[in-house]
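I have placed the structure first, in the form of structure tokens, so that the comments after it can refer back to it.
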Amino acid sequence: MKLLNEQTIKAFIDSRPKASDNTKLAYFYDLRAFVTFIEGKELTQTQLNLYQLELQNLAKSSQHRKITNINTFLKYLYQNGKLAHFFELHIVPYQHQELQDNDKRQPKLLDVSQYYLHVKKPGDLIALLILEFGLKPSEIQSLKWSEFNWDFKILTVATGGIKRILPIRDKFARLARPIQNADELFSKSRQFLHYELKKTSTLTSAELREQYILQRVAERVSIYDLAENLGLKSIHSLDKYYR
């Protein structure tokens, strides 16, 4: 449906000048996902019901936010004569107790100070790269030592045609800067990286990456900045950490 596109989303967001920057970003991400689902199809209540089914695996609080944002968008289109009929998704109720139950299943922030004692083995550096930058083993493979700019304290990560500029913290620089060159490690296979990591860490690469996420959440990094740092196309997979 040509009416539903990013230009329409932008016009809708511009019509709400009092909304905070975070609210505007939430509108953009939620509405872009909705528009992508509807693209090429006629907007009907059946299509809306099918989209609502797509949201069912999310927490009730996330469903509620997305549905509210989409309904506000659809109301805007109807009131401005863009839609001949008024459509809306069904609001999903959620209760405080349910959120508390979900919180009990939340992953826990662990003490990872032992990873910052020294870098003597390849696995030590691999663990630090994941904890400090949230990198996947496949992303570590794509690194070059020259991409660590120690003067400006930034790391450039280029994956999938997208460049991410990540800050290098002093606690990482203190341990990693003395290394002369790690390009040989970066050229190894993922199996080798996982094998070396096991020699150093009781946590897997996925668990270390989750600790990176939890650390950033504890530091009050916004969900949108965190998604950008991780190279994610949406914030959906991070929702559970911010509930």
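How would region 129-198 be classified by its alpha-carbon gyration tensor: rounded, prolate or oblate, with rounded meaning a/c under 1.5 and the a/b versus b/c comparison settling the rest? Verdict is oblate for region 129-198. Positive end of the dipole of the chain (Cβ unit charges, origin at the Cα centre): among 73, 130, 46, the Cα lying farthest that way belongs to 130. Counting only alpha carbon atoms, the long axis of helix 45-54 and the longest principal axis of the chain meet at about 20°.
When you restrict to C-alpha pairs under 8 Å that are six or more residues apart and normalise by the size of region 113-241, the relative contact order lands at 32 percent.
Dipole check for region 113-241: with +1 at the C-beta of Lys and Arg, -1 at the C-beta of Asp and Glu, and the Cα centre as origin, the magnitude is about 160 Debye. Accessible-area rank, largest first, for 66, 24, 153: 153, 24, 66, with all protein chains present and a 1.4 angstrom probe. Spatial offset of region 181-243 relative to region 7-41 amounts to 28 Å, using the alpha carbon center of each. The Cβ shell under 15 Å around residue 126 holds other residues with a net charge of +1, Lys and Arg each +1, Asp and Glu each -1.
Rounded to the nearest 10 Å², what accessible area does residue 138 show when all protein chains are kept and the probe is 1.4 Å? That residue has around 50 Å² of solvent-accessible surface. Between helix 21-38 and the chain there is an angle of about 70 degrees, using the helix long axis and the longest principal axis of the Cα atoms. Nearest 10 degrees is fine. How inclined is helix 205-218 to the longest principal axis of the chain, computing both from alpha carbons? Rounded to the nearest ten degrees, it is 70.
This model, with +1 at the C-beta of Lys and Arg and -1 at the C-beta of Asp and Glu, gives the chain a dipole about its Cα centre of some 140 debye. Computed on protein heavy atoms with a 1.4 Å probe, the accessible areas place 10, 163, 240 in the order 163, 10, 240, largest first. Residue 144 sits with roughly 110 Å² accessible to a 1.4 Å probe, with DNA, RNA and ligands left out of the calculation. From the square roots a ≥ b ≥ c of the eigenvalues of the alpha-carbon gyration tensor of region 113-241, which class results: rounded (a/c under 1.5), prolate (a/b over b/c), or oblate? It comes out rounded by the Cα gyration axes.
Here the sum of -39500 (n - 2.57) over DSSP H runs of 4 or more residues, divided by the residues of the chain, equals -16000 deg cm²/dmol at 222 nm, to the nearest 500. Summary value for the chain: 18 percent relative contact order, contacts being C-alpha pairs under 8 angstrom separated by 6+ residues. Protein heavy-atom surface of region 113-241, 1.4 angstrom probe: 51% of the accessible area is carbon and sulfur, with nucleic acids and ligands not counted. A 1.4 Å probe run over the protein chains yields, for region 6-80, 55 Å² of accessible area per residue, whole-number rounding.
The values are calculated or read from the model by the stated rules, or taken from the named source; none is laboratory data. No experiment lies behind these values; they were computed from the predicted model shown. As a convention, Cβ positions derive from the backbone with ideal geometry for all residues, glycine included, and neighbour counts pool all protein chains shown. Heads up: the accessible areas ignore ligands, DNA and RNA and are worked out on the full protein's heavy atoms, side chains in. Shrake-Rupley method; radii C 1.70, N 1.55, O 1.52, S 1.80 Å.
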